[in-house]
Every structure is written in C-alpha cells, then in structure tokens.
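Below: one structure, written as structure tokens.
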Amino acid sequence: MDLKQTKTYIIGNWKMNPASEADAEEMFDEVEDEVYKIDDEKVEVVICPPFVFLSNFDSDGKVKLGAQDIFWENSGAFTGEISADMLRRLGVRYAIIGHSERRQYLGETDEMVNLKIKAALAGKVRPILCIGETLEERQRGDTGEIIVNQVEKALTEIPEKDLIGNLVIAYEPIWAIGSGAVPSPDEVMSIGLLIKKILAKIYGNRVAAESVPILYGGSVNRDNAFDLVDKTGLSGLLIGGASLKPREFVEIVRRFAK
Ligand code: 13P
C-alpha cells in the first residue's frame, strides 16, 4: 500500500508558548514571510498557537491556522472550553485532538477524543488526531496494540465519507516528544503502514487508508526532518520545539517545497 500523498504537511504546535502577544506575532510573521516565497502546492504549513493568539493572525494567508484542542459541544455551560463553531468563525482550519500531553495532564480519554473528532468534522475544522505509545509500552512490545486501539476508538462511529479530505493522523511516540530520541525511519514507516491497515480494516476498503495524511511528531529538527518524511513515505511532520524557532521551522518547510 502506497503511503505517499501529494502534499507535505508541516504543522507547528507551539504548545503553551510564547508568553507574549508581541512574540507570537513576530514568530508568526517570520514564518508567513517565508511561506509566501515557496510553492504552496507542495507544502501545507499550519501553525497551532495558544487559543488566545488565534485572532491576531491572518486566517486567509498562506499559513493555515490550527487550534491545539477543541470541545465536543457547540455552545453552553462548559467553562473554559472552545467550540468548533468559534474556531471556524475565526478562520481556524485545523485542530489538534488527543495530544499525549492532554491525555496525560488533563485526563483526556479515547472516548473524549472520539467526541472531539466528531465535533471538529461537523464544524468543518480538520482534526489532527494524535496517537502514540509510552516508553514502557514500547519496551513491552505493545506499540502495535496501542496504536490499533487508539485509532479504532478515536474513529468509532465516524463514517468514511466524513473523514476523506479532512482527517489527519499524527504518530507521536510519547518517549520521542521533547526528548531528542527519535525512532528509526523503518519504525516510523511500519507504524504508518499499520495505521493504513487499520483504516482499511475499519472501512473495508482502501479509500480512507489512501487519503488520510499520516504525519510523524517527536523531536523533529532541521537535521532529521527530511529523512523522517522521505525515508518513511509519510505525509509530513508535527513539530513542537523546533516550531518555536521560526528560522529552523522555515528551513524545514523550504526543504519540502523544492
Ligand atoms: P517536540 O517536537 O518538541 O518533540 O514536540 C512534538 C509534539 O508534541 C508536537 O505535537
């Protein structure tokens, strides 16, 4: 099964950074200036800043906006939450869902992830589903089982037609996030193929498997970025730390725009 997609997705997850609006604007402008110079038919560049900065940025420009989370209801008594409707009205195109930091620190479950994906799809915001195993799970040899379980639960009762052209999946091994450790391209490729197989099994054909972009995330930097796509057949990268350094981030983007 071929993993290659036509576009490479380079997505920056700023997490809870930076502290100031001025710094956020400077970082975003630096990325945007560069992205205007490249062939955006080849690369889809997305920045996911903290919610509070989303309205500072141009949502019609070449850099697409993403949120770092979304809630599963559209309005009501849900203190602190942000809906797909609100995000879409701001011009936000993507939302990261089920990031391991939210699963770990906020107790986000596979069931919540499933509800959030449904809400994002209904609200015309593209979900970026994050999955990945812990170090202990990897050492026990349970990686495959964890991935199967997370994908199946996240996509429960989601019709294939809703996913096509919308869902993005990011494989982010938890032990690789912020650690400097990175799985080999072979390992990343085999997880990519496993995800495609799960999609083919759930939907009984290869349409979703072939159309859903699968990304890698975890300690991506300017030195390893190219191989993590080129040698794995994946469709792009979800970048944390290196996305906070605009110069390094655009260097990575440029590499895929050639
Ligand atoms: P790092 O690139 O800092 O390892 O973070 C990866 C990540 O969690 C992106 O969502």
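Rule-based calculations on the coordinates, nothing more; no lab input. Keep in mind that this is a model prediction, so the values were computed, not measured. No Cβ is skipped: glycine too gets one built from the backbone with ideal geometry, and neighbour counts run over all protein chains shown.
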What single numbered condition from (1) within 17 Å of the chain's Cα centre (by Cα); (2) more than 15 Å from the ligand (Cβ to nearest atom); (3) buried (at least 21 other Cβ atoms within 10 Å of the Cβ); (4) not charged (D, E, K, R) fails to hold for Val250? (1)
Return the total of residues in region 76-103 being of a type outside the set (A, V, I, L, M) and either in contact (Cβ under 8 Å) with a residue 24 or more places away in the chain or in contact with an Asp or Glu (Cβ under 7 Å, 6 or more places away or on another chain) (or both). 11
Please go through (1) in a helix (DSSP H, G or I); (2) buried (at least 22 other Cβ atoms within 10 Å of the Cβ); (3) without any contact (Cβ under 8 Å) to a residue 40 or more places away in the chain for Met27 and return the number of the only condition it doesn't satisfy. (3)
Go through region 183-238 residue by residue and tally those that are assigned to a helix (DSSP H, G or I) and either under 25 Å from Gln139 (Cβ atoms) or more than 13 Å from the ligand (Cβ to nearest atom) (or both). 29
Pairs please, first residue from region 36-55 and over 12 Å from Gly66 (Cβ atoms), second anywhere and β-branched (Val, Ile, Thr) and surrounded by 13 or more Cβ atoms within 10 Å (Cβ to Cβ), Cβ atoms under 7 Å, 6+ apart in sequence or on different chains. Ile38/Val253; Lys42/Thr8; Val43/Thr8; Val43/Ile10; Val43/Val253
